[in-house]
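Report on the structure given below.
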Amino acid sequence: MKALGVAVVGTGFIGPVHVEAVRRLGHRVVGILGSSPEKSRVAADQLGLEKGYASLAGVLADDAVQVVHLASPNVLHFPQCRQVLAAGKHVVCEKPLAMTTAESAELVKLAVASPVVAAVNYNVRFYPLVLEARERVRAGGVGRVFHVSGSYLQDWLLYPTDFNWRVRAEDGGGLRAFADIGTHWIDTVCFITGLEVEAVFADLQTVHPTRQQPTGGGETFTASANRDRRAAVEVPVATEDAGSLLLRFRGGAKGSLTVSQVTAGRKNCLRFDIAGAEASLVWDSEEPNALHIGYRTKPNERLIRDPALMTASVTPFANYPGGHAEGFPDTFKQLYRAVYADVTNGRSESPLYATFADGHREVQLCEAILRSHREEKWVTV
Ligand code: SOE
């Protein structure tokens with residue numbers, strides 16, 4: 001394997017997750033870029049990286065870097081992706097790909113016209129049992145899928161004192177919980193079933209119309225109790241904390257999704273029930289090493305992640321024997337393994353990772369969800 005040179009943009013919750021996953025694959029993370037040269041230096045120091053960059057221009061001018069990971073706030077994805085593509089470097093962008101469909105459509109055009117690999121970080125696809133579920137649907141074991149239901153629930157924004165850039169429409173986009181975690185759910189179930197969303201009906205809820213914004217910034221998943229509450233200002237919030245969505249898929253299947261970032265006790269719980277004519281598949285990201293397979297006329301099964309028990313084609317994505325749990329950080333490793341294989345060997349026809357076209361579809365969905373909520377009607381995607 002030829003080791004690639006990688007730079008990561010973003011020093012918050014998720015940037016360091018990218019760094020660790022790239023390193024586990026044996027590639028070289030050359031450096032990191034934060035929102036200031038000082039933040040870059042501190043993060044480089046903490047993560048043991050050679051360079052804390054002063055600017056994106058510095059990253060792009062670095063010949064040691066072939067792949068750039070963007071783990072910056074959503075508002076920066078479009079301008080930064082454009083610059084990375086213009087510099088001829090491969091790019092892995094965090095979700096959502098952009099703030100508007102005008103932006104994401106332009107990124108798709110630029111990516112198609114360029115020879116580089118351009119991926120969106122929908123990592124949930126790479127849980128071994130999510131891949132197993134996909135194989136079972138494809139092999140016909142589930143039968144015709146007629147309904148998909150589920151939820152994605154978190155609690156890190158439960159209190160009005162909890163704050164993060166995602167809450168601000170200027171930084172994260174007009175849709176928050178659905179863009180941040182709801183698109184993971186939709187990407188995952190469409191990846192497994194092959195279904196495409198045709199129309200949506202959404203009802204969104206902003207539980208806290210104002211929040212305490214800490215003057216020193218607020219990191220994702222950092223409890224407000226750990227911050228200095230005196231150094232905060234009350235700001236209005238327009239983005240949704242929670243919401244429910246009805247889905248119509250092309251071909252007649254239907255679905256429903258509830259998303260919340262204010263459900264106490266749910267830390268990062270993506271759950272789906274896929275109902276098919278022969279069987280159902282149930283999976284929960286908080287217990288990712290078990291897949292429930294439900295039957296009408298014989299006992300249900302609970303498949304524990306174990307390469308020896310899984311479909312042969314997906315065993316390369318389960319790297320440890322049964323009983324040795326694999327989870328969230330491992331999905332990043334498997335995702336980048338797939339992306340970097342294409343960087344090295346050339347773009348594959350239908351990659352397992354989400355392309356910019358997939359990312360664009362999710363941004364289209366976000367716009368449709370927001371419109372449906374505002375106009376109180378079904379919106380075709
Ligand atoms: C915060 O809600 C967040 O970090 C998301 O942005 C990620 O995509 C998800 O994997 C975990 O939660």
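None of the figures in this text is laboratory data; all of them are computed from the coordinates on show. From a predicted model like this one, the values you see are computed outputs, not experimental measurements. Cβ coordinates were reconstructed from backbone atoms using ideal geometry, including for glycine residues, and neighbour counts include every protein chain displayed.
Treating each Cα of the stretch 313-372 as an identical point scatterer and ignoring solvent, apply the Debye formula and state log10 I(q)/I(0) at q = 0.12, 0.20 Å⁻¹.
-0.46, -0.88
Mind checking which of 115, 75, 165 is farthest towards the positive end of the chain's charge dipole, using Cβ charges of +1 (Lys, Arg) and -1 (Asp, Glu) about the Cα centre?
Value: 115.
Run through all the Cα pairs of the stretch 273-325 and give the fraction in each 10 Å bin from 0, expressed as whole percent.
24, 49, 26, 2
Residue separation times 0.36 nm, minus the C-alpha to C-alpha distance between residue 100 and residue 313: what's the value?
73.0 nm is the gain from fully extending residue 100 to residue 313.
Taking the Cα centre of the chain as the origin, how large is its charge dipole in debye, to the nearest 20, when only Lys and Arg (+1) and Asp and Glu (-1) carry charge on their Cβ atoms? Could you put the intermediate results ahead of the total?
Values: 40 positive and 41 negative charges, 83 e Å.
Using Cβ point charges on Lys, Arg, Asp and Glu, the chain gives about 400 debye.
Over the Cα atoms of the stretch 237-356, what radius of gyration and what Dmax do you get, in Å?
Gyration radius and largest Cα-Cα distance of the stretch 237-356: 17.6, 50 Å.
Can you tell me what percent of all Cα-Cα pairs in the stretch 34-167 are more than 27 Å apart?
Of the Cα pairs, 41 percent sit more than 27 Å apart.
How do the peptides 294-304, 73-83, 362-372, 107-117 rank, highest first, by the average count of neighbouring beta carbon atoms within 10 Å per residue? Please report the intermediate quantities before stating the final value.
Values: 294-304: 10.8, 73-83: 19.8, 362-372: 22.9, 107-117: 17.1.
Descending mean neighbour count gives 362-372, 73-83, 107-117, 294-304.
Per the Kirkwood formula on distinct C-alpha pairs, the Rh of the chain is how many angstrom?
After inverting the mean inverse Cα-Cα distance, the result is 21.4 Å.
Report the rotationally averaged projected area of the stretch 97-237 based on its alpha-carbon convex hull, in square nanometres.
Averaged projected area of the stretch 97-237's Cα convex hull equals 11.5 nm².
Could you please state, rounded to a whole Å, how far the C-alpha centre of the stretch 156-209 is from the C-alpha centre of the stretch 25-98?
25 Å
Going by average Cβ neighbours within 10 Å, how do the peptides 94-100, 8-14 rank, with the highest at the top? Spell out each step's value before the answer.
Details: 94-100: 24.7, 8-14: 23.1.
The densest-packed peptide leads the list: 94-100, 8-14.
Among the lysines, which fall within straight-line cross-link reach of residue 89, defined as a Cα-Cα distance under 25 Å, with same-chain neighbours fewer than 8 residues apart omitted?
Qualifying lysines at Cα under 25 Å: 2, 39, 51, 109, 333.
Please give me the summed charge of the neighbours of residue 59: other residues whose Cβ is under 13 Å from its Cβ, Lys and Arg +1, Asp and Glu -1.
Here the charged neighbours net out to -1.
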